[in-house]
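Note sheet for the following structure.
The values are calculated or read from the model by the stated rules, or taken from the named source; none is laboratory data. If you're wondering where the values come from, they're calculated on a predicted model, not measured in any experiment. As a convention, Cβ positions derive from the backbone with ideal geometry for all residues, glycine included, and neighbour counts pool all protein chains shown. Areas reflect the complete protein model, heavy atoms only, side chains present, ligands, DNA and RNA absent. Shrake-Rupley method; radii C 1.70, N 1.55, O 1.52, S 1.80 Å.
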Amino acid sequence: MRIRANSRASTPLHRGLTAALTTVVATIFGAGLSLACALGFRGATEVDAEYSLDEIDAVRISLPDTPISVLGDPVGVSLEVEGVWYSVGGSSRAAADHSTAPSLFFAREGRFGELSAVIPTASRDLVDLELGEVRIPSDRDLELRTGLGDVDISQVEGNLSVDVDAGRVTIFGGADGIGVRTGVGDIEIETTGNTTASTGRGDVVISQLGAGGNDLIISTSYGSIDAVLRSDSNLDLKLEASGDIRVQTRTVSTVTTGSFVRTIGNGSVTVELRALGGDINVRLDESL
């Protein structure tokens with residue numbers, strides 16, 4: 001902060017304002033130093049856990065803000081989790097204590113299991129979880145919940161559900177069906193399963209892998225949608241966009257704006273796309 005000097009003699013009021021300003025600056029600066037000192041040490045505690053999924057059909061993973069990467073294991077029988085709890089503190093001992101305070105908890109109810117985090121109130125704002133790769137049997141249903149963090153799921157063929165406040169979602173799998181919601185973030189999906197996905201702000205790239213195609217109900221409030229179809233034999237197309245709509249398949253070729261509706265064959269495969277702040281591009285898989 002620059003204070004311009006006044007050549008006139010200072011008045012009592014001027015001296016009082018200067019003293020007050022000096023006190024405020026010193027207080028803010030001192031508080032900043034105190035905060036820096038209070039959080040000047042970091043701690044880290046590794047997580048390496050395995051939970052049996054015997055007689056468990058569906059798993060929910062509900063964790064604080066963290067990226068989550070899940071890989072399906074076709075011969076796996078358990079949920080395997082590894083990562084690190086990171087913390088800050090005013091001393092090395094305090095930082096270490098905060099990093100060891102949280103824990104992961106796996107609960108069972110019938111054929112359902114849930115992995116969650118238990119964080120003491122005193123450590124809640126001082127710790128972060130950074131996960132490594134999570135492994136799960138590929139035939140289980142999976143539900144993921146986190147606040148902030150990218151989600152990546154591969155080779156899990158059960159029903160998949162993802163709910164993220166902010167983060168990119170990438171899925172390769174989900175043959176039994178997919179449901180995705182992210183407040184802010186791009187979505188990329190390749191699947192044989194029926195899919196419902198939405199993002200408040202982000203682009204969506206979706207590819208059908210089923211032989212006859214699979215239902216796609218996709219929306220983005222601000223972004224574009226790129227859909228690659230496996231088949232165009234029996235489509236029920238309902239497209240809405242603020243920008244351009246382009247459809248290029250063997251049976252449909254159009255460029256328009258606003259909306260486009262078309263039924264092809266018996267209309268058994270629903271493709272409903274809404275891009276309220278972008279374009280829609282629909283095309284047939286070029287490898288067919």
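Restricting to DSSP H runs of at least four residues, report the calculated mean residue ellipticity at 222 nm for the chain, -39500 (n - 2.57) per run over all residues, nearest 500 deg cm²/dmol.
On the way: 2 runs with 36 residues, N = 288.
Taking each H run of at least 4 residues, the total per residue is -4000 deg cm²/dmol.
Which is the longest stretch in the chain that no exposed loop site breaks, taking sites as trypsin sites (Lys or Arg not before Pro) with a DSSP loop state and at most 15 other Cβ atoms within 10 Å?
Working: sites that count: ARG2, ARG4, ARG8, ARG111, ARG124, ARG250.
Here the longest segment lacking exposed loop sites spans 125-249.
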Taking θ = phi - 60°, what integer Hz values does the Karplus form 6.51 cos²θ - 1.76 cosθ + 1.60 yield along the stretch 138-145, in sequence order, with x for Gly and Pro?
5, 9, 7, 6, 9, 10, 10, 9
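Using the Cα gyration tensor of the chain, with a ≥ b ≥ c the square roots of its eigenvalues, what is the shape: rounded (a/c below 1.5), prolate (a/b larger than b/c) or oblate (neither)?
Working: a/c = 4.17, a/b = 1.53, b/c = 2.71.
Taking the square roots of the gyration eigenvalues as a ≥ b ≥ c, the chain is oblate.
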Residues of the stretch 63-85 with amide N under 13 Å of the 7 Å Cα→Cβ point at ALA44
83-85
Using a 1.4 Å probe on the protein chains only, how many percent of the accessible area of the stretch 157-288 belongs to carbon and sulfur?
43 percent
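Calculate, in nm to one decimal, what ASP244 and ASP285 gain on full extension: separation in residues at 0.36 nm each, minus their alpha carbon distance.
Details: separation 41, 0.36 × 41 = 14.76 nm, distance 2.03 nm.
Gain on stretching ASP244 to ASP285: 12.7 nm.
Can you figure out the FRET efficiency of SER154 with SER62, using R₀ = 25 Å and their beta-carbon distance, to the nearest 0.05?
Working: r = 20 Å, r/R0 = 0.81.
About 0.80, to the nearest 0.05.
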I need the calculated FRET efficiency for the pair SER52 and THR100, taking r as the beta carbon distance and R₀ as 30 Å, to the nearest 0.05.
0.75
Hey, rough spin-label estimate for GLU114 and SER78, points 7 angstrom out along Cα→Cβ, what's it come to in nanometres?
2.3 nm
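Of the chain, which part is the longest with no GluC sites (Glu not before Pro) in a loop (DSSP not H, G, I, E, B) and with at most 11 other C-beta atoms within 10 angstrom?
Answer from the scan: 56-285.
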Can you give the angle from 0 to 90° between the axis of helix 12-38 and the longest principal axis of the chain, with both taken from C-alpha atoms, to the nearest 10?
50 degrees
Taking a crude spin-label model, label points 7 Å out from Cα along the C-beta direction, the ASP139 to THR254 distance in nm is 4.3 nm
If you put +1 on each Lys and Arg Cβ and -1 on each Asp and Glu Cβ, how big is the dipole of the chain around its Cα centre, in Debye rounded to 20?
2040 debye
Given the C-alpha centroids of the stretch 92-160 and the stretch 172-209, what is the distance between them in whole angstrom?
22 Å
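Hey, with R₀ at 30 Å, roughly what FRET efficiency would LEU276 and SER233 work out to, going by the Cβ-Cβ distance, to 0.05? Intermediate values should be presented prior to the final figure.
On the way: r = 29 Å, r/R0 = 0.97.
Once the sixth-power term is evaluated, E becomes 0.55.
Please report the antiparallel percentage of the DSSP beta bridges confined to the chain, to the nearest 5. Intermediate values should be presented prior to the final figure.
On the way: 36 of 116 bridges.
Of all bridge pairs located within the chain, approximately 30 percent are antiparallel.
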Give me a comma-separated list of calculated 3J(HN,Hα) values for the stretch 54-70, in order, Karplus coefficients 6.51, -1.76, 1.60 applied at θ = phi - 60°, integers in Hz, x for any Gly or Pro.
4, 6, 10, 9, 9, 10, 10, 10, 10, 10, x, 3, 5, x, 10, 10, 10
For the chain, modelled as a Gaussian network with Cα springs under 10 Å, which listed residue fluctuates most, GLY83, GLY278, GLY40?
GLY40
